[in-house]
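The values are calculated or read from the model by the stated rules, or taken from the named source; none is laboratory data. Quick caveat: nothing in here was measured; it's all calculated off a predicted structure. Cβ atoms come from the backbone with ideal geometry, glycine included; neighbour counts cover every protein chain shown. The accessibility values were calculated without ligands, DNA or RNA, using every heavy atom of the protein model including side chains. Shrake-Rupley method; radii C 1.70, N 1.55, O 1.52, S 1.80 Å.
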Amino acid sequence: MNGPTVGTLRVPGATLHHEVRGHGPLLLLIPGGTGGAAAMAGIADDLATEYTVATYDPRGMSRSTLDDPEAEQTVAEHADDAFRLLELLSPGEPARVFGASSGAVAALHLLVTRPERVALLVAHEPPVVEVLPDAAEHRALLARVRAAFREQGLMPAMAVFAAGLRKDGDTAAPRAEVALPPQAAARAEQTMAGLPFFVGRIVPAFMSYAPDVDRLAALSDRLLLACGEDSRGELPYRPAALLAERFGTELLHFPGGHTGLTTRPAEFADRLREALRAGSRAGSRAGGRAGLVPAGPAGDGD
């Protein structure tokens, strides 16, 4: 397959690096963590046989530069970036969207504020911990991460953060090594370079975001919530599981854990393809019965 077409897009406060490959209806992949568009390459190539696949580096990450390098980050701003990419690449036509981790948080906000632009959203482990009954404990975790980052530096803050993500009763013993695909192993340097920005500005903003649950419920006919098969009981798993139960929808399970799209990309791409096909069929039936859910306010408030 030929390499992706690379471009840039000016958005308020940043310049986004984006990549497009394949042919067919648009599928926008919104990455989480620090991997950016490169983290999506493994699944993007597979999916490009059926879709025009677009992905990008979120603002402040890798090749997407901020006008003000010290600017604080908001979910609303990141969701607006995704909206502007949709306007560029699929003007006037709703698109399929996949978001992972913090990218799934931005995708949920995109769905709530711009539902007319989203035909179907697959949200994989969005860490919207504010929906959980023990949200106060996770606010305390974020405060500990911020304090460790400020007073001790990156790696102590990462240790505090990682401990808070483990499931109840899990020990601190290291897990068995997972053999990464060569492309994922080669991205380790980029991942490490983005960690200060991620821990210092993405984690606090995105994990304190409270989604509009009532609005999401009204839009649940075009929302597929997903988790990793190996993530059961871990903190990033729990919000998606709770929301799926509340909405009365199926919780999809994807290969691997929270980072399954990089550790098991071929299987992950196959599962996502199945979900998109099934979700599109279900959405078509629902749309035929009830029509589209009317768009809500288009404001960019947090």
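The table below gives the values:
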{"read-out": "Residue in the stretch 1-12 that is open to solvent by less than 30 Å² (accessible area, probe 1.4 Å), closer than 19 Å to T262 by Cβ and outside any loop (DSSP other than H, G, I, E, B) present", "value": "no"}
{"read-out": "Members of the stretch 103-116 that are of a type in the set (D, E, K, R) and either closer than 15 Å to G279 by Cβ or part of a loop (DSSP other than H, G, I, E, B) (or both)", "value": "R114"}
{"read-out": "Which listed residue, of A119, A37, A44, A82, is part of a helix (DSSP H, G or I) and within 21 Å of P211 (Cα to Cα)", "value": "A82"}
{"read-out": "Number of positions in the stretch 201-239 that are in a helix (DSSP H, G or I) and within 18 Å of the chain's Cα centre (by Cα)", "value": "14"}
{"read-out": "Residue among E72, E77 that is part of a helix (DSSP H, G or I) and either modelled with pLDDT of 95 or more or small (G, A, S) (or both)", "value": "E77"}
{"read-out": "Matching entry among A39, A54 (being under 20 Å from V105 (Cα atoms), open to solvent by 10 Å² or more (accessible area, probe 1.4 Å) and over 11 Å from the mean Cα position of the chain (by Cα))", "value": "A39"}
{"read-out": "Odd one out for A226, checked against (1) closer than 27 Å to L142 by Cβ; (2) out of contact with any strand residue (DSSP E or B) (no Cβ under 8 Å at 6 or more places or on another chain); (3) open to solvent by less than 40 Å² (accessible area, probe 1.4 Å); (4) modelled with pLDDT of 95 or more", "value": "(2)"}
{"read-out": "Any pair with Cβ under 8 angstrom, 6 or more apart, that starts in the stretch 262-277 at a residue that is over 19 Å from G24 (Cβ atoms) and ends at one that is surrounded by fewer than 17 Cβ atoms within 10 Å (Cβ to Cβ) and modelled with pLDDT under 95", "value": "T262/L180; T262/P181; T263/V178; T263/L180; T263/P181; P265/P181"}
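So that you can scan it fast, the table gives a plain yes or no per residue for (1) open to solvent by less than 20 Å² (accessible area, probe 1.4 Å); (2) among the charged types (D, E, K, R):
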position	(1), (2)
A107	yes, no
R114	no, yes
A119	no, no
V129	yes, no
A147	no, no
Q152	no, no
M158	no, no
